[in-house]
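The values are calculated or read from the model by the stated rules, or taken from the named source; none is laboratory data. Keep in mind that what you see is a predicted model, and the values were worked out from it rather than measured. Virtual Cβ from ideal backbone geometry, glycine too; neighbours counted across all protein chains shown. Surface areas here come from the heavy atoms of the whole protein model, side chains and all, with no ligands, DNA or RNA. Shrake-Rupley method; radii C 1.70, N 1.55, O 1.52, S 1.80 Å.
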Amino acid sequence: MERVLKGDAVEEKGERARMAAFIGAMAIADLVKTTLGPKGMDKILQSTGRGRSVTVTNDGATILKSLHIDSPAAKVLVDISKVQDDEVGDGTTSVVVLAGELLREAEKLVNMKIHPMTIIAGFRMAAECARNALLQRTMDNKENTDKFRADLMNIAMTTLSSKILSQDKEYFAELAVDAVLRLKGSTNLEAIQILKKPGGSLKDSFLDEGFILDKKIGIGQPKRIENAKILVANTAMDTDKVKIYGARVRVDSMSKVADIEAAEKQKMREKVQKIIAHGINCFVNRQLIYNFPEELFADAGILAIEHADFEGIERLALVTGGEIASTFDNPESVKLGHCKVIEEIMIGEDRLIHFSGVEMGQACTIVLRGASEHVLDEAERSLHDALCVLSQTVNDTRVLFGGGWPEMVMAKEVDELARKTPGKKSHAIEAFSRALQAIPTTIADNAGLDSAELISQLRAEHHKDNSTAGIDVITGSVGDMQKLGIQESFKVKQAILLSATEAAEMILRVDEIITCAPRRREDRM
């Protein structure tokens with residue numbers, strides 16, 4: 001029999017393909033499972049690159065992003081955690097764990113000879129039912145600002161409690177809530193700058209209104225400017241050499257060389273004159289500024305900042321309301337940035353430039369201090385998660401309790417649906433409810449508690465009406481989530497539920513995996 005596929009291509013059919021897909025996805029889920037919940041552990045990721053750089057993290061998306069994965073089904077899970085990270089910022093681990101559990105349940109059902117399409121139909125019904133169960137139990141305090149702020153604080157503390165910042169979570173929750181409320185409902189996190197400075201402890205971090213640029217002020221320039229007009233530019237200020245590549249200039253005497261240099265100097269002086277003509281008192285450039293133009297700026301009493309990195313300069317333009325300019329011939333078309341005061345401040349050992357009273361009132365800078373680069377990186381990731389969740393919650397103000405409460409609510413409703421549904425679908429619906437309970441189970445397991453005992457107590461609690469019971473990992477028992485103030489954003493939970501169901505569905509539909517033949521290298525002899 002002739003082969004249809006080329007040389008080394010591999011195909012797996014039917015049972016084997018499905019097994020391969022399930023196993024790959026479950027392995028990924030088990031990998032990040034231990035990072036779930038307030039007592040989740042961290043992972044060290046070491047790259048094989050030149051720097052052998054090390055990342056210590058327990059953020060699901062960061063862990064999965066750094067893995068090189070062969071299994072196609074596992075890649076689907078990595079993608080949903082990435083999307084979860086971009087979309088709502090938190091719940092990256094939960095989404096993978098839930099999808100993995102759904103597949104684990106589906107595998108049992110497939111072994112009972114239930115067709116995958118039947119399972120998918122059951123999962124669809126169950127997901128819809130679970131979402132409605134959550135919708136009925138959401139709370140919304142957007143009318144009452146004080147209550148809403150308390151909700152945001154609780155959500156931030158819940159998000160941070162599974163991260164490195166959990167020790168000072170009240171402090172950082174306060175920082176995050178302040179920063180997000182300044183945004184007044186926009187989800188543009190560009191305006192919140194996070195600066196990392198090693199040294200001090202995490203407690204020394206602070207929120208600063210305004211913008212901090214990680215540069216020093218040049219020599220002989222004003223150290224403090226009030227009512228600054230800022231020109232943000234990306235232009236070359238270093239022409240005192242002939243810049244044409246491979247240019248050869250033949251001269252017959254030294255005096256001619258001096259003429260060329262004088263001409264170049266004159267050109268530079270004209271450019272500086274043009275820039276000064278904008279009526280500015282602060283010039284920020286992305287590229288180098290040589291000594292000569294710097295001297296000219298200092299004489300004009302203008303603060304010149306060179307080599308501001310691109311992210312800094314983009315954000316500075318955004319925050320001060322200016323635009324990045326690169327030509328200076330017509331000053332009226334260039335939009336200048338404004339701020340009240342520019343001054344130099346010290347953080348730790350470093351001198352930085354602080355712009356306060358900026359045009360865009362929403363802007364602020366969070367300065368993180370910490371023992372080492374790794375701690376700071378992880379703190380930044382944690383804070384970024386909290387900021388994402390909060391900015392999403394400000395837009396969609398519905399909140400839920402946390403600590404395994406939403407999963408139990410959903411599982412209870414889904415169970416009831418399974419009892420009402422005739423036919424094989426009911427097996428799939430029941431399996432969905434078991435998969436939902438895996439999240440509180442994992443939270444309990446990671447805290448070293450007896451999960452079976454706790455979950456059965458929880459289930460009993462939830463059969464009472466309007467129960468607010470969840471897992472309290474600190475005391476290791478079933479606790480009242482309302483008293484403990486453990487809350488989560490509805491948007492995050494909904495995203496977890498829907499993404500995980502869709503991913504599981506996609507992997508379930510697979511019945512054949514075809515791997516392409518690797519490209520052969522030709523013998524170049």
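The test for being assigned to a loop (DSSP other than H, G, I, E, B), touching a strand residue (DSSP E or B) at 6+ places or on another chain (Cβ under 7 Å) and either surrounded by fewer than 19 Cβ atoms within 10 Å (Cβ to Cβ) or aromatic (Phe, Trp, Tyr) (or both) holds for Gly279. Residues that are part of a helix (DSSP H, G or I) and more than 18 Å from Asp377 (Cβ to Cβ): does the stretch 51-60 have at least one? Looking through the stretch 51-60, none of the residues is part of a helix (DSSP H, G or I) and more than 18 Å from Asp377 (Cβ to Cβ). The requirement of being of a type in the set (Val, Ile, Thr), modelled with pLDDT of 85 or more and not in a loop (DSSP other than H, G, I, E, B) is fulfilled somewhere in the stretch 367-380, by at least one residue.
Listed here are the residues, each with its yes/no results for (1) in a helix (DSSP H, G or I); (2) crowded, with 24+ Cβ neighbours inside 10 Å.
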position	(1), (2)
Val4	no, no
Ala73	yes, yes
Asp79	yes, no
Asp85	yes, no
Asp90	no, yes
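For (1) within 18 Å of Gly37 (Cα to Cα); (2) among the aliphatic types (A, V, I, L, M); (3) within 31 Å of the chain's Cα centre (by Cα), each residue gets a yes or a no:
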| residue | (1), (2), (3) |
| --- | --- |
| Ile474 | yes, yes, yes |
| Gln487 | yes, no, yes |
| Lys491 | no, no, yes |
| Met506 | no, yes, yes |
| Ile514 | no, yes, no |
| Pro518 | no, no, no |
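Taking the criterion of being hydrophobic (A, V, I, L, M, F, W, C) and modelled with pLDDT of 90 or more, would at least one residue in the stretch 135-143 satisfy it? Yes, the stretch 135-143 has at least one match. Scanning the stretch 291-325 for residues that are part of a loop (DSSP other than H, G, I, E, B), open to solvent by 40 Å² or more (accessible area, probe 1.4 Å) and modelled with pLDDT under 80, we see that the one that is nearest to Ala191 (Cα to Cα) is Asp309.
Given the structure, is Thr57 open to solvent by less than 10 Å² (accessible area, probe 1.4 Å), farther than 29 Å from Cys516 by Cα and of a type in the set (Val, Ile, Thr)? So Thr57 fits the description; yes. Scanning the stretch 252-276 for residues that are among the hydrophobic types (A, V, I, L, M, F, W, C) and loosely packed, with under 11 Cβ neighbours inside 10 Å, we see that the one that is farthest from the chain's Cα centre (by Cα) is Met254. Taken over the stretch 216-239, the criterion of being under 24 Å from Met268 (Cα atoms) and outside any strand (DSSP E or B) is satisfied by Lys216, Ile217, Gly218, Ile219, Gly220, Gln221, Pro222, Asn234, Thr235, Ala236, Asp238, Thr239.
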